[in-house]
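First comes the structure, then the notes that go with it.
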Amino acid sequence: MRINEQLMWLWVTMVFGPANRRLWELSANYSGVEEFIRELRKNRVAGVNDRERERAAGTTSADTVRVYEAVCESGSKIYCYGSEGYPARLLDTANPPAVLFVRGNLDFLDDKDVLTVVGAREPSEYSEEVCGQFCSELSKKGVVTAAGMAKGIDRLVLGNALENGYGAAAVYAKAFEDCQDEQERELIERVSEKGAVITEYYPGCRAGLRAFIDRNRIMVGMSDAVLFIQCAETSKGLDNYDKAVSQGKQVFVVPPRDIFDKRYGGQAMLIKNGCKTVYSAGDILSVLGRRDLIHSAEESEYKYIVKDRPRNTSARNKAGAAKKIVAEQKKADVSGLSGTQAKICELLGNGDMLVDELAVRLQMDIADVFMELTELEMAGIVVSKAGKNYGLSLH
């Protein structure tokens, strides 16, 4: 991505702020960030409120350049939505980060299984032991463990991966420049050497009260599954469960050490809700779909089995049946449509797609694809979604 495009994405992030859905809602009908900015500066974007209009008028190109230079001088990398290196898994989330600031390298995220681990800031001895055993085995088998940067389980997860010589991914809930804790700063450096530390907060941007909640959507979005090691019933970490369910991600739960101990109340609730209880790293490895490893009673280690093997659980069977029903529902009536519109419906019949991807598949200019999608949307055949995603209407 060219520098001027990075500056444009950085400008809209500075105007709307990190994790703001309004950016995607207002820009959905434009062919790209450049057109959106042009219309926004001319005050021709419908639905913009007074505060957004004031921030757009008050955020100059010079302001953006100063932030860009500060990021580059700090050694961080900038990944913008849709650019090369931006995590592919985040593209399909409902509210993807427009810009990511990264210490380290993100390349591994698209090639390996990634597991987000959730726990308490003051974990019990039982939870610490479980964390150590699970994460050590998972790291050795090539699973990338992801976590926040808080004290407790988060740092145990990251530290364990580093001690075993494997990479890890961490999502930071504030700008790197706001780090005041020496141990935290050292951990950022260590993780970035073998993995990546990610934040959506640029230099000078103060994190708000929702920073940790917003962070969770990134952790879950870039992961294949979520593991709860310790969680009270009132824990804010349960937001990761909500994010996982909305994104169709598998949720694993370590069984409580004591069912009467309130420190594990959240885990008990998750188990009641049907989340998969796991008693070893092998239980997790047997469910992860791309590099399955199963524990054999005759062997002390796990061994590779056939890639993409069928998962014979009732939940998977139900999910497959549901997916088949949805696919059948998404066979749009293409009679009366142009050849291009019929082809768009055929492509969307396989699942939601980004406008950019549709343009590549159709070998068309993105502006022309937008025109066709607009007509289809007006006819009630397709629906626009956040982050320039489109899908077939089921009605």
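The values are calculated or read from the model by the stated rules, or taken from the named source; none is laboratory data. Since the model is a prediction, treat every value here as computed from it, not as a measurement. Don't worry about glycine lacking a Cβ; one is built from the backbone with ideal geometry, like all the others, and counts go over all protein chains shown.
Which residue out of Ala161, Ala170 is at pLDDT 95 or above, assigned by TED's automatic domain parsing to the domain that holds Gln133 and under 30 Å from Tyr126 (Cβ atoms)? Reasoning before the result, please.
Working: Ala161 fails: at pLDDT 95 or above.
Within the list Ala161, Ala170, the selection yields Ala170.
Would you mention how many residues in segment 336-348 are surrounded by fewer than 17 Cβ atoms within 10 Å (Cβ to Cβ) and of a type outside the set (Ser, Thr, Tyr)?
Within segment 336-348, the first condition is being surrounded by fewer than 17 Cβ atoms within 10 Å (Cβ to Cβ), and the residues that meet it are 336, 338-340, 342, 346-347.
Now drop any that are not of a type outside the set (Ser, Thr, Tyr), which leaves 336, 339, 342, 346-347.
The total comes to 5.
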Worksheet item: When you go through (1) within 17 Å of Val117 (Cα to Cα); (2) modelled with pLDDT under 90 one by one for Gln180, which number turns out not to apply?
Response: (1)
Worksheet entry | Subset of segment 91-109 that is farther than 21 Å from Thr13 by Cα and more than 13 Å from the chain's Cα centre (by Cα) - its residue that is surrounded by the most Cβ atoms within 10 Å (Cβ to Cβ) | Gly104
Worksheet entry | Close pairs (9 angstrom Cβ cut-off, 6 or more residues apart or separate chains): closer than 11 Å to Cys345 by Cβ and buried (at least 17 other Cβ atoms within 10 Å of the Cβ) in segment 374-393, at pLDDT below 80 and among the basic types (Lys, Arg) anywhere | Leu392/Lys330; Leu392/Lys331
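Between Glu25, Glu39, which is of a type outside the set (A, V, I, L, M, F, W, C), under 27 Å from the mean Cα position of the chain (by Cα) and assigned to a helix (DSSP H, G or I)? Explain how you work it out, then say what you get.
Numbers: Glu39 fails: under 27 Å from the mean Cα position of the chain (by Cα).
None of the other options fit; the residue is Glu25.
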Worksheet item: Of all residues in segment 31-59, how many are of a type in the set (Phe, Trp, Tyr) and touching a residue at least 60 places away in the same chain (Cβ under 8 Å)?
Response: 0
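Search segment 1-22 for residues being outside any helix (DSSP H, G or I) and of a type in the set (A, V, I, L, M, F, W, C), and hand back the single one that is modelled with the lowest pLDDT. Write out each step before concluding.
Residues of segment 1-22 outside any helix (DSSP H, G or I): 1-2, 17-21.
Filter once more, keeping what is of a type in the set (A, V, I, L, M, F, W, C): 1, 19.
Numbers: Met1: 57, Ala19: 95.
So the residue we want is Met1.
Can you find a residue in segment 210-221 that is under 13 Å from Ser74 (Cβ atoms) and in the same structural domain as Cys135 (by TED's automatic domain parsing)?
Step one: of segment 210-221, the residues under 13 Å from Ser74 (Cβ atoms) are none.
So far as segment 210-221 goes, no, none of its residues is under 13 Å from Ser74 (Cβ atoms) and in the same structural domain as Cys135 (by TED's automatic domain parsing).
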